[in-house]
Structures are given as structure tokens and as C-alpha cells.
Amino acid sequence: MEEKKTIFSGIQPSGELTLGSYLGAIKNWVALADEYNCFYCMVDMHAITVRQTPAELRRRTLEQLAQYIASGLDPDKCTLFIQSHVPQHAELGWILDCYTMFGELSRMTQFKDKSAKNADNINAGLFTYPSLMAADILLYQTDLVPVGSDQKQHVELTRDIATRFNGIYGDVFTIPEPYIPKIGARIMSLTNPENKMSKSDKDNGGCIYIMQQPEEIMRCFKRAVTDSDTAVRYDAENKKGISNLMSIYSVATGRGFDEIEREFDGRGYGDFKAAVGEAVVELLRPIREEAERILKDKSYLEGVYKAGAEKAAAVACRTLRKVHKKIGFVPR
Ligand code: ATP
Ligand code: LTN
């Protein structure tokens, strides 16, 4: 039997998980889980590139794990772990810093965005973030990285770093491919459809959270920004709000844009916004309920992340040993 290919992906526990991360990333993680050997991570080391409140970081890391499991990731089949529990990430991260160029890091749009948002804390970690992300991916000899479109640039840099390293030392790393959904790769804020829906943004009402109560979700969708037209029609340029709602509805229900346009022909925005809200409520309800249940069982969660770190470390150590040997470190 052919060996399964490998997937790696991670999310920062820097805020509550959003509908954007669910549709852009987690939904695909679940869809691909049976076919691949999967590593899914809570990237707490990435999260501290922006200042975090310690108790909240701890709480959100565990909540995120519960939400991964509740979304359908089976801890017996996928490796679910916390990044800081596998020290090889930091070790390879440092090494890859030495194979990543200042100019490359300066071009990363996430660095530019986050520097603008955190002007009082543009730390070195924020700048070198992509080489730590490259380490995350390359440690597991990853073939596929399912992410939203905002992370494409980081995966491409990972490929460049791996290709550069392999060019010097021979085939050490598998070159990974990004896996980006056709619809849902960039869910926009409901209040400001020019901006990505993002968990660390505090724009009231623009962001839907996986753990949000149905009434609040409905309220956010009813207030979603649209346009002065009345037709439910996909036009990503001129009807950003409606097109965003159509993407959400499409991924939540599996219906195509044509079908949605027909369904709401002549019905106006009010009906449509309520329907999107209801579809999202029903999509998230089982995940929220299951996550709430799992969260009560702290010892179960501890068992999952400890076993996950052990499985991850076994693979990570193998790659790191190979890297050490290639670059000329004396074996430990
Ligand atoms: P932060 O605000 O802390 O940067 P975020 O909300 O942008 O966080 P991430 O942790 O950066 O979320 O992203 C987690 C995963 O979800 C990534 O794969 C990312 O590409 C994807 N993702 C995040 N937001 C969206 C979105 N609005 N639409 C589609 N995919 C998204
Ligand atoms: N940079 C990503 C989070 C992240 C990641 C990764 C995603 C860190 N390491 C490895 C995929 C693979 C983000 O900000 N969403």
C-alpha cells in the first residue's frame, strides 16, 4: 500500500476561533483527514509575537483543541498538539532563520499589517515569524498545507527556504504545496467587507465566532453591510458585502452561486441575510455544543495534547537530526 501523504496546519490561539478560520482552514482539515497523515497544531509560539494575556492564552489554547476535535478531527487518527510542547519547532526555527533573507521577510504582507496594528511592539519574533512557520511545516516532511488565502505567501516562502536548503545540502525537506479552498479562502468582515474577518480585530459585529450563541450570530448577519442595490448577485468587485455573504452561504449549504441567485431572485436582502444567518447557526451549532462538552473534561484534553506532542516529537526529531548532520553540528 502506498504511504499516506502528510498534512500540517496550525492556528494561533490569539483570539476566539472565527467562522473565517473554520471555512478557510479547519473545514478542509476535516475533509482531508482520512486521506492524509495529519498534524494539526495550536501555534502558541506564533501567538506571542503579539502581546497576550497569559491566562487567556492558556484558556484559548485548550478551547482551540476542543474546537478542533468538535469540528470532527479524531485525535486517534490525527496528531493534535501544542507547538511549544515540541521544542524542535524552536530549534529548527532558529536554523531556518539563518537560511531566510531579510529582504524576503520584509516583503511579507502579514508582517506589514501586524506592524501597523502593533506599532509599539514590532518585535524580532513578528519579523521572523515566517521562518518559524517554515519550521512547523518542514519538520513533518509535509506535502500539503491547508490554509486560507492570506497564508499563501508564507507557504510560498516556506517552499523557497526548503528549496534553498535542499540546493545546498541535498534532499532534506519535502517541498510543500498550499491547499486553498476555491470558495471561502478569504471571508470578509460583516461590518467592513473590505477587511478580512479576523479573530484579533475588535470590530463589533463584523466577526462570527465558532462558540457564539445563535441569537448573536443572527443579529450580526441581520446587520451585515450590503449595498444600495436589491439583487442577490455575485460581483466580487462592486458588491463585496453580498458576495461575501454568498460565499459563506455557499460553503455552509454546498449550493453554487447560480443556485443561490435563483433561490433569492426577487426576495431582497432581508430574507437573504436571515437565511445566511440560519445556515451558519446550524453549521456551528453541533461544533459549539460538542466543544462545550469536551471542554468540561480537562483530563481528556490533557491526554490528547500529551499523546499528540509525543507523536509529533518522534517525527520532528528525525528531521532535525538529519538537518543537524547536514549542516555540520556534532551529534548529541
Ligand atoms: P489573527 O487575527 O490573530 O491574525 P486570524 O483570525 O487571521 O488571526 P489565523 O490564526 O491567522 O486567523 O488563521 C487561521 C487559519 O484560518 C489560517 O489558515 C488562515 O488562512 C485561515 N483564515 C483566517 N481568517 C480567515 C478568513 N477570514 N477567511 C478565510 N480563511 C481565514
Ligand atoms: N501563520 C499562520 C499560522 C501558522 C501556520 C503554521 C499555518 C503557523 N504555523 C504552519 C499553516 C502551517 C497564521 O497566521 N494563520
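The values are calculated or read from the model by the stated rules, or taken from the named source; none is laboratory data. In this text the structure is predicted, and so the values were computed from the model without any measurement. Note: ideal-geometry Cβ built from the backbone for every residue, glycine included; neighbour counts use all protein chains shown. The protein model used for the area step is the full one, side chains on, heavy atoms only, and it has no ligands, DNA or RNA in it. Shrake-Rupley method; radii C 1.70, N 1.55, O 1.52, S 1.80 Å.
Numbers for the structure displayed
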| item | result |
| --- | --- |
| Within the range 94-117, tally of residues that are within 14 Å of ligand 2 (Cβ to nearest atom), of a type outside the set (D, E, K, R), open to solvent by 20 Å² or more (accessible area, probe 1.4 Å) and touching a residue at least 40 places away in the same chain (Cβ under 8 Å) | 2 |
| Enumeration of residues in the range 37-60 that are in contact with a helix residue (DSSP H, G or I) (Cβ under 7 Å, 6 or more places away or on another chain), open to solvent by 10 Å² or more (accessible area, probe 1.4 Å), in a helix (DSSP H, G or I) and not hydrophobic (A, V, I, L, M, F, W, C) | Asp44 |
| Unmet requirement for Glu215, which otherwise passes all of (1) in a loop (DSSP other than H, G, I, E, B); (2) surrounded by fewer than 18 Cβ atoms within 10 Å (Cβ to Cβ) | (1) |
| The listed residue being out of contact with any helix residue (DSSP H, G or I) (no Cβ under 9 Å at 6 or more places or on another chain), assigned to a loop (DSSP other than H, G, I, E, B) and open to solvent by 30 Å² or more (accessible area, probe 1.4 Å), out of Asp265, Asp271, Asp227 | Asp265 |
| Top-ranked residue of the range 154-192 - restricted to ones that are open to solvent by 20 Å² or more (accessible area, probe 1.4 Å), polar (S, T, N, Q) and assigned to a loop (DSSP other than H, G, I, E, B), ranked as farthest from ligand 1 (Cβ to nearest atom) | Thr174 |
| Condition broken by Asp120, with the remaining ones in (1) assigned to a helix (DSSP H, G or I); (2) out of contact with any Ser or Thr (no Cβ under 8 Å at 6 or more places or on another chain) satisfied | (1) |
| Total residues in the range 127-153, condition within 11 Å of ligand 1 (Cβ to nearest atom) and either closer than 17 Å to Ser198 by Cα or free of Cβ contacts under 8 Å to residues at least 24 places away in the same chain (or both) | 6 |
| Residues located in the range 1-15, provided they are buried (at least 18 other Cβ atoms within 10 Å of the Cβ) and either modelled with pLDDT under 95 or within 6 Å of ligand 1 (Cβ to nearest atom) (or both) | Ile11, Gln12, Ser14, Gly15 |
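Here's the yes/no breakdown for (1) among the small types (Gly, Ala, Ser); (2) without any contact (Cβ under 8 Å) to a residue 12 or more places away in the chain; (3) assigned to a loop (DSSP other than H, G, I, E, B); (4) open to solvent by 50 Å² or more (accessible area, probe 1.4 Å):
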| residue | (1), (2), (3), (4) |
| --- | --- |
| Val232 | no, no, yes, no |
| Glu237 | no, yes, yes, yes |
| Ile242 | no, no, no, no |
| Ala316 | yes, no, no, no |
| Leu320 | no, no, no, no |
